[in-house]
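Input: a single structure, listed below in structure tokens.
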2 protein chains.
Amino acid sequence: MIQRSVRCPVAATLDLVGDRWTLLVVRDLLRGRLRFSELRASIEGIPPAILSHRLKALEAAGVVVRRAYSEHPPRSEYVLTAKGHRLGVVVGALANWGEQFAESDLALVDNQCGHGVNVIYHCPTCERTAPRSRVRIVGANAR
Amino acid sequence: MIQRSVRCPVAATLDLVGDRWTLLVVRDLLRGRLRFSELRASIEGIPPAILSHRLKALEAAGVVVRRAYSEHPPRSEYVLTAKGHRLGVVVGALANWGEQFAESDLALVDNQCGHGVNVIYHCPTCERTAPRSRVRIVGANAR
DNA sequence: CGTAGTCAGTTCAGATATTGAACTGTACTC
DNA sequence: GAGTACAGTTCAATATCTGAACTGACTACG
């Protein structure tokens, strides 16, 4: 995955996660640490070479950490870093959107109340949510 | 883009937008209708063949509508549908994440207060936001 | 009229990435 | 010792992407 656009944060993020598989790896790691074989089993149809590539890229980007759980047959498991956990919002937004078109058997829930959550806009200054209709993308030499 | 996973809403969404360019098209169309040449100019480095493919896919998915603004040299412009506008949250989440690692010259702002907004989790039942640490992905045969 | 330019793409050949299938090496289990 | 699990790697075939050039329909200028 080649770095193309340093300027736009969207494009910069897509340089890392802009493919069919990477965010599925993140999706599954959001549940907790997983081994290669577990990821392979839970991401339907992923070729092992791709999984290997993606894990290396995510590790290089600081999204995932590889941890050895056995030395002598070298075995490792993968865990999201804090940076990686922040990608959960992206996965959640994709899930919310997809839920409207495919029947959902996956949901984001608030641990405390047990209800399903959405991903929405929020103004941290005013401490209130912002409806989609009120949000604009702006930028100086925006891109 | 081949449909692989009907089951998981994340994977289903990535079947459409899981590549380096598609969400950049959405990003720019969030500002309003654009012509082919305008999209081409604003998405740095996109080959016209790719842009053409992506617009067709987005149109087929009901995310974008093509509108003729001239008949006789056939000329069209592209507009997001309501469905497409809902992808703004995904773009916003990517932007938020990217902003932490690349200097930002693009932001989401609330039209009313003018402040920058984030993309966060929200429980519509309890009508409150949910911190990332409290949100889990759950699912029956979740994937 | 003739030349140049714009616009919305298409075409094409070469480069790159993805795919599925098979394979490797280490170790554990029976 | 045979079979299995795990964590990947290797490879050839295929698919996709890329950049560059090209169409075809018009408009603008002189």
Cross-link partners among lysines for A:LYS83, C-alpha distance below 24 Å, same-chain residues fewer than 8 apart left out? A:LYS56
What residue of chain A sits with its beta carbon nearest the rotation axis taking A to B, and at what distance in whole Å? A:ALA93, 2
Buried area at the B-A interface (accessible, heavy atoms, 1.4 Å probe, summed, Å²): 7900
Considering the options B:TRP21, B:VAL79, B:ALA93, tell which one lies farthest towards the positive end of the dipole of segment B:9-134, charges being +1 on Lys and Arg and -1 on Asp and Glu at the Cβ, about the Cα centre. B:VAL79
Using unit Cβ charges (K, R positive; D, E negative) and no other charged atoms, how large, in debye to the nearest 20, is the dipole of segment A:51-136 about its Cα centre? 460
In square angstrom, rounded to the nearest 10, how much accessible surface does B:LYS56 have for a 1.4 Å probe? 110
Can you list the residues, at least 5 places off or on another chain, whose amide H is less than 5 Å from the amide H of A:ASN111, using H built in the peptide plane? B:VAL135, B:ARG136
Can you compute 3J(HN,Hα) from phi for each residue in segment A:47-63, using the Karplus curve 6.51 cos²θ - 1.76 cosθ + 1.60 with θ = phi - 60°, rounded to whole Hz and x for Gly and Pro? x, x, 5, 5, 4, 4, 4, 5, 5, 5, 5, 5, 5, 4, 7, x, 8
Portion, in percent, of the accessible area of chain A that falls on carbon or sulfur, probe 1.4 Å: 49
Rounded to the nearest 0.05, what FRET efficiency do A:HIS115 and A:VAL65 have when you use their Cβ-Cβ distance and R0 = 25 Å? 0.20
Surface per residue (accessible, 1.4 Å probe) for segment B:9-134, Å²: 44
Percentage relative contact order, chain B, counting C-alpha pairs under 8 Å, at least six apart: 17
Rg over Rh [alpha-carbon atoms, Kirkwood Rh] for segment A:15-83: 0.94
Proportion of all alpha-carbon pairs of segment B:9-134 beyond 24 Å (%): 36
Cα convex hull volume per residue for the protein assembly as shown (Å³): 136
Exam field: A:GLU59 pseudo-label spacings to other copies (7 Å along Cα-Cβ), nanometres: 4.5
Rounding to the nearest 10 and keeping the result within 0 to 90°, find how far the Cα-based axis of helix A:88-99 lies from the longest principal axis of chain A. 70
Given the protein chains as shown and a 1.4 Å probe, how many square angstrom of B:GLU44 are accessible, to the nearest 10? 80
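The values are calculated or read from the model by the stated rules, or taken from the named source; none is laboratory data. Keep in mind the model is a prediction, meaning the values are calculated, not measured. All Cβ positions, glycine included, derive from the backbone under ideal geometry; neighbour counts span all protein chains shown. For accessibility, only protein heavy atoms count, side chains too; no ligands or nucleic acids. Shrake-Rupley method; radii C 1.70, N 1.55, O 1.52, S 1.80 Å.
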